[in-house]
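A short worksheet on the structure shown next.
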Amino acid sequence: MDHEADAYRTDLMTITRFVLNEQSKYPESRGDFTILLSNIVLGCKFVCSAVNKAGLAKLIGLAGDTNIQGEEQKKLDVLSNDVFVKALVSSGRTSVLVSEEDEEATFVESSKRGKYCVVFDPLDGSSNIDCGVSIGTIFGIYTMEHSDEPTIEDVLKPGNEMVAAGYCMYGSSCMLVLSTGTGVHGFTLDPSLGEFILTHPDIKIPNKGNIYSVNEGNAQNWDGPTTKYVERCKYPKDGSPAKSLRYVGSMVADVHRTLLYGGIFLYPADKKSPNGKLRVLYEVFPMAFLMEQAGGQAFTGKKRALDLVPKKIHERSPIFLGSYDDVEEIKALYAAEENN
Ligand code: AHM
Ligand code: MG
């Protein structure tokens, strides 16, 4: 019997094994990153299970609602935030946490501190929660280079200083996509094992795609280059076929599709929101990091997204990310406008 063709694969590369292998290339590595990541993975598994049970368990509802037992129910995004904050603090490997759900950063008490700072959106795509459409968790990781008391400056750093970034998508399957700066790798949760298994090694985004992804309802308020770009997607001048439009409205889902199929995702500035909608630290940076690691680009309309230096933890920025050539085109339109 051909064992290779066996229905059961036995060389299961779990995410923990994968990260351990990667970290073993650094002789100074002490396993701290692996411990941190396994706590993030735990948070993702918890949220995945809560999202899957949401309808059944009546987890969906307004924060402040009470269930049959008279206990206060938590909205999924509040619950997810609690889970991640607790997992990250108890990992003993973090010092500063920034979550979309919390107005202020969390400074971990000294007895539980470690060298990492984590920025995250525990459950992104909130408008899609109640209708069962894919949502996700996004995270980015910085290292503290000093042993002084942590400050907010430890997270107000450009995205190019992140040491790792990723997202977990709670969709038809639960998938965790991660980069530690050596390419992008995708792991799918095997619910029977409770483990993320490497299913998409070394993801590379196609150089050019045929999909654009944007909320066109905002078109009347866009600037010139964005308007021109989207017009070109629909009415190409070079004889190429028009691009297809796909927009879920969950950044994780839209970026995931862009990563696998190619194309471009845009959340541009508009007259009402001059800085766009998406948050620099825990939405723009992690996704820009992954795109670059996969061979794509991420641009703000002015510069490389990862070169932004945030001044506030919840700062926003316009973002154009995806296939290298597609982002190159929008960069050229912004450059042309600047030269006018
Ligand atoms: P949220 O953090 O409140 O969920 O908002 C972020 C989401 C992204 O997932 C998505 O790309 C974007 O908002 C969609 O915005 P819009 O509804 O304006 O198109
Ligand atoms: Mg969000």
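Give the residues of the stretch 259-291 that are more than 16 Å from ligand 2 (Cβ to nearest atom), open to solvent by 10 Å² or more (accessible area, probe 1.4 Å) and touching an Asp or Glu at 6+ places or on another chain (Cβ under 9 Å), sorted by residue number.
A269, D270, K271
Tell me whether the stretch 301-319 contains one or more residues that are more than 16 Å from ligand 1 (Cβ to nearest atom), out of contact with any Leu (no Cβ under 6 Å at 6 or more places or on another chain), of a type outside the set (G, A, S) and over 21 Å from Y142 (Cβ atoms).
yes
Quick one: in the stretch 116-133, which of the residues that are crowded, with 20+ Cβ neighbours inside 10 Å and either part of a loop (DSSP other than H, G, I, E, B) or of a type in the set (D, E, K, R) (or both) is farthest from ligand 2 (Cβ to nearest atom)?
G125
Return yes when A298 is assigned to a helix (DSSP H, G or I), under 27 Å from E103 (Cα atoms), within 16 Å of ligand 1 (Cβ to nearest atom) and at pLDDT 95 or above and no when it is not.
no
Can you tell which of G140, G132 is more than 19 Å from L176 (Cβ to Cβ) and within 16 Å of ligand 1 (Cβ to nearest atom)?
None of the other options fit; the residue is G132.
Which one of these does E231 not meet: (1) within 14 Å of the chain's Cα centre (by Cα); (2) farther than 29 Å from S99 by Cα?
Unmet condition: (1).
Scan (1) loosely packed, with under 12 Cβ neighbours inside 10 Å; (2) at pLDDT below 70; (3) of a type in the set (D, E) for the single condition D65 breaks and write down its number.
(1)
What pairs come up if the first residue lies in the stretch 144-165 and is within 19 Å of F107 (Cα to Cα), the second is loosely packed, with under 15 Cβ neighbours inside 10 Å, and their beta carbons are under 7 Å apart, counting only those six or more places apart or on different chains?
L156/K311
Tell me, yes or no, whether the stretch 306-313 has at least one residue that is more than 25 Å from E101 (Cβ to Cβ), assigned to a loop (DSSP other than H, G, I, E, B) and modelled with pLDDT of 95 or more.
No, every residue in the stretch 306-313 fails to be more than 25 Å from E101 (Cβ to Cβ), assigned to a loop (DSSP other than H, G, I, E, B) and modelled with pLDDT of 95 or more.
The values are calculated or read from the model by the stated rules, or taken from the named source; none is laboratory data. Keep in mind that what you see is a predicted model, and the values were worked out from it rather than measured. Note: ideal-geometry Cβ built from the backbone for every residue, glycine included; neighbour counts use all protein chains shown. SASA here: full protein model, heavy atoms, side chains in, ligands and nucleic acids out. Shrake-Rupley method; radii C 1.70, N 1.55, O 1.52, S 1.80 Å.
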